[in-house]
Amino acid sequence: MITTWMRDSLADILRTNRHADCKFIIETAEGSKVFLCHKLIFSCASEVFDRMLYGNYNESSSGEVKLNDVEPKVFEKFREYVYGYDDERLEVYDFDTLVKLAEFGNKYLVESIKEDCVRHLLYRKEMFDTDELLRLFQCAHTLNYSLLIDHVSRDLKNHAKRVLNHSAIYQFSTDVQTRDNGGDSVPAAFSTQHSADELAGEDNASDYPMTMTPQSRQ
């Protein structure tokens, strides 16, 4: 548990960028945005970032980490989170932001933000419309999060007819498992039983993202 004093101190370091020793460059089609950061903070947050910033990689020597798989506004909220782990911040974030933070945390092995975002999403679940439930179902499979899959599946089954007629269902990625139903592929939420992986309830960590560039060894 981080004390209030420690959290306030970290927030001050974040606000002032005092002693910043690395930068994250978030690249988008419109350009890039630079965030000044601290290696130690990100190293403690994620084994992936630890290897990037302190391992035998270009990011370690240059102090620059370039990412093109996250929006600047989402990374900014992620950055705020790892400087204090204050999950109360998440209460004011909208659905889309929580989903994207959970997926980003999952990809870079920051379990705490993934768990906190899922908890807030489950708490709000009854307020979600069909679009949001379908997006959350996709997210649950991306995270390989069996509890979330189970909860959202039950809600989708309760509205199966409305959901099956919804155009968003045809935009699912291959992360969403399907079953064959007389020639028609049906999302797993509407099958009579879950797959073996879902029933096993194992939240497997994702592979390390391929963003690190090894240096030539001497």
For this session: Please go through segment 8-40 and pick out each residue that is within 15 Å of Val65 (Cα to Cα) and in contact with a Phe, Trp or Tyr (Cβ under 6 Å, 6 or more places away or on another chain).
Result: Phe24, Ile26, Phe35, Cys37
For this session: Kindly provide the set of residues from segment 1-22 that are touching a helix residue (DSSP H, G or I) at 6+ places or on another chain (Cβ under 6 Å) and either aliphatic (A, V, I, L, M) or not in a loop (DSSP other than H, G, I, E, B) (or both), ordered by number.
Result: Cys22
Exercise. Taking segment 105-151, which residues are over 20 Å from Tyr81 (Cα atoms), of a type in the set (Ser, Thr, Tyr) and assigned to a helix (DSSP H, G or I)?
Worked result: Thr130, Thr142, Ser146
Problem set entry | Pairs with Cβ under 8 Å, 6+ apart, first in segment 5-32 and closer than 16 Å to Glu76 by Cβ, second polar (S, T, N, Q) | Ile25/Ser32; Ile26/Ser32; Ile26/Asn68; Glu27/Asn68; Thr28/Asn68
For this session: May I ask you to list pairs of residues, at least six apart or on different chains, whose Cβ atoms are under 8 Å apart, with the first in segment 87-106 being over 13 Å from Val118 (Cβ atoms) and the second being surrounded by fewer than 13 Cβ atoms within 10 Å (Cβ to Cβ) and not polar (S, T, N, Q)?
Result: Thr97/Lys73
Seminar exercise, completed: Reported set for segment 108-122 where residues are surrounded by 22 or more Cβ atoms within 10 Å (Cβ to Cβ) and among the aliphatic types (A, V, I, L, M) is Val110, Ile113, Val118, Leu121
Exercise. Within segment 46-76, which residues are touching a helix residue (DSSP H, G or I) at 6+ places or on another chain (Cβ under 6 Å) and within 19 Å of Arg18 (Cα to Cα)?
Worked result: Leu53, Val65
For this session: Would you be able to say whether some residue in segment 11-20 is surrounded by 15 or more Cβ atoms within 10 Å (Cβ to Cβ) and either under 22 Å from the mean Cα position of the chain (by Cα) or acidic (Asp, Glu) (or both)?
Result: yes
Exercise. Any idea which residue in segment 34-84 is farthest from His120 (Cα to Cα), counting only those that are within 15 Å of the chain's Cα centre (by Cα) and part of a loop (DSSP other than H, G, I, E, B)?
Worked result: Asn68
Problem set entry | Matching residues in segment 134-150 - criterion: being within 20 Å of Tyr93 (Cβ to Cβ) and either out of contact with any Leu (no Cβ under 6 Å at 6 or more places or on another chain) or surrounded by fewer than 16 Cβ atoms within 10 Å (Cβ to Cβ) (or both) | Leu134, Arg135, Leu136, Phe137, Gln138, Cys139, Thr142, Leu143, Tyr145, Leu148
Exercise. Has segment 111-133 got at least one residue that is within 22 Å of Ala20 (Cβ to Cβ) and in contact (Cβ under 8 Å) with a residue 60 or more places away in the chain?
Worked result: no
Exercise. Out of curiosity, is Ser43 within 28 Å of Asn144 (Cβ to Cβ) and of a type in the set (Gly, Ala, Ser)?
Worked result: yes
For this session: Run down Ser32, Ser43 and say which single residue is surrounded by 12 or more Cβ atoms within 10 Å (Cβ to Cβ), modelled with pLDDT of 95 or more, out of contact with any strand residue (DSSP E or B) (no Cβ under 7 Å at 6 or more places or on another chain) and farther than 18 Å from Ala102 by Cα.
Result: Ser43
Exercise. So is Leu10 over 30 Å from Phe128 (Cα atoms) and at pLDDT 95 or above or not?
Worked result: no
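The values are calculated or read from the model by the stated rules, or taken from the named source; none is laboratory data. Since the model is a prediction, treat every value here as computed from it, not as a measurement. Virtual Cβ from ideal backbone geometry, glycine too; neighbours counted across all protein chains shown.
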